[in-house]
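Asks: Below is the structure I would like to discuss, written out as structure tokens.
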Amino acid sequence: MATAVPAERDAVAGAFAGPHHEVRLPGVTLHRLSPAAGPVLDLLAAGVGPALAAASVAAALTAGALAGAPYDLVVSTGIGGGFAPDAPVGSLVVADEITAADLGAETPDGFLPVTDLGFGTVTHRPPAALVRESAAATGARTGTVLTVSTVTGTAGRTAALRARHPGALAEAMEGFGVAEAAAAHGVPVLEVRAVSNAVGPRDRAAWRIGEALAALTEGFGKLAPVLESWNPHEP
């Protein structure tokens, strides 16, 4: 599991019973939960932005593989912006696609994703069965979660993102980086976001971070049984 900042990590940890302890690795520290039954769960405050998130998660995945205890699933979670009216503040979003929204090139004819330039990828798709089960358990909306390196702060950019990604429900800054690291290790990935603000003109007064963290804690309380019982061999 990967989270963006310690507050989000702690919100997730509150959903799982059992003792936990720190596991220090080069460059990262895992918070390992050891429930009486079910799989061991590691929480990681992966950092802000796709590059640091990818590096942090890759370090944890590599350490697990070298220790002979590879991970079955990586979950990228935290708070993010929601595209109104489809993902209002306080709602949960489970990604059926994790897409890098600004990985590509600007041209006189508009933005080109890196795939149109002939290399790379811009989208990872979590296991469909896990997305369905997660959404059913939590009441979350499902749709594309965009990963951006610069948070959207204008109506113009909001409109441009919606035009390019009509299925987008939310944007955040880490999911695609986490998914890239997971894909490199052949590990499935899931992204879950609690909406703290509307994507659009920047208005800090309208942010509801506490409300989003509460929704994240409640959501993971319902999601925990799904994750603990999930079969990694399901499509």
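The values are calculated or read from the model by the stated rules, or taken from the named source; none is laboratory data. This one's a predicted model, so the numbers in the text were calculated from it and none came from an experiment. FYI the Cβ positions are ideal-geometry reconstructions off the backbone, even for glycines, and counts take in every protein chain you see. We work out accessible area using only protein heavy atoms, side chains counted, and drop any ligands, DNA or RNA first. Shrake-Rupley method; radii C 1.70, N 1.55, O 1.52, S 1.80 Å.
Asks: If I stretch the segment between residue 7 and residue 214 completely, what's the gain in nm (0.36 nm per residue apart, minus their alpha carbon distance), one decimal?
Replies: Using 0.36 nm per residue and subtracting the Cα-Cα distance, I get 73.4 nm.
Asks: Can you tell me the orientation of helix 128-138 relative to the chain, as the angle in degrees between its alpha-carbon axis and the longest Cα principal axis, to the nearest 10?
Replies: 80
Asks: Given a Förster distance of 25 angstrom, what is the FRET efficiency for residue 22 paired with residue 185, based on the Cβ-Cβ distance and rounded to 0.05?
Replies: Here the calculated transfer efficiency is 0.65.
Asks: If DNA, RNA and ligands are ignored and the probe is 1.4 Å, what is the ranking of 157, 141 by accessible area, most exposed first?
Replies: Output order, biggest surface exposure first: 141, 157.
Asks: Under the Karplus relation 6.51 cos²θ - 1.76 cosθ + 1.60, θ = phi - 60°, what is the ordered set of whole-Hz ³J(HN,Hα) values for the stretch 147-162, x standing for Gly and Pro?
Replies: Ordered by residue, 3J(HN,Hα) equals 9, 10, 8, 10, 5, 5, x, 9, 5, x, 5, 4, 5, 5, 5, 5 Hz.
Asks: So if I place +1 on the C-beta of Lys and Arg and -1 on the C-beta of Asp and Glu, and nothing else carries charge, what would the dipole magnitude of the stretch 156-235 be about its Cα centre? I want it in debye, nearest 20.
Replies: Magnitude of the dipole: close to 460 debye.
Asks: If you don't mind, another one. To the nearest 10 degrees, how steeply does helix 209-229 sit against the main Cα axis of the chain, on a 0 to 90 scale?
Replies: Long axis of 209-229 versus the principal axis of the chain: about 50 degrees.
Asks: Related question: Treat every Asp and Glu Cβ in the stretch 48-153 as -1 and every Lys and Arg Cβ as +1, leave all other atoms uncharged, and give the resulting dipole magnitude about the Cα centre to the nearest 20 debye.
Replies: Magnitude of the dipole: close to 320 debye.
Asks: Could you work out how much longer the chain between residue 111 and residue 129 gets when fully extended? Use 0.36 nm per residue separation minus the Cα distance between them, nm to one decimal.
Replies: Gain on extension, residue 111 to residue 129, equals 3.2 nm.
Asks: Same structure, new question: Helix 175-184 versus the longest principal axis of the chain: what is the Cα-based angle in degrees, 0 to 90, to the nearest 10?
Replies: 60
Asks: Just to confirm, what accessible area per residue do you get for the stretch 162-206 at 1.4 Å probe, in whole Å²?
Replies: 37
Asks: Find the percent of Cα-Cα distances in the chain that exceed 30 Å, and round it to a whole number.
Replies: 20
Asks: Now, a different point. When the accessible area of the chain is split by element with a 1.4 Å probe, what percent falls to carbon and sulfur?
Replies: Of the solvent-accessible surface of the chain, carbon and sulfur hold 58 percent.
Asks: Once amide H atoms are placed 1.01 Å from N in the peptide plane, what residues at a sequence separation of 5 or more from residue 198, or on another chain, have their amide H within under 5 Å of its amide H?
Replies: Counting only residues 5 or more places away or on other chains, the set is 82.
Asks: Note down the magnitude of the dipole of the chain about its Cα centre, charges +1 on Lys and Arg C-beta and -1 on Asp and Glu C-beta and zero elsewhere, to the nearest 20 debye.
Replies: 300
Asks: What does the helix-only formula give at 222 nm for the chain: each DSSP H stretch with n ≥ 4 adding -39500 (n - 2.57), the total divided by the residues, and the result rounded to the nearest 500 deg cm²/dmol?
Replies: Value at 222 nm, helices only, nearest 500: -10500 deg cm²/dmol.
Asks: A further question on this structure: For the stretch 142-235, report the % of Cα-Cα distances exceeding 15 Å.
Replies: Counting pairs separated by more than 15 Å, the tail of P(r) holds 70 percent.
Asks: At 7 Å along the Cα-to-beta-carbon direction for both residue 202 and residue 69, put a label point, then send me their distance in nm to one decimal.
Replies: 4.2
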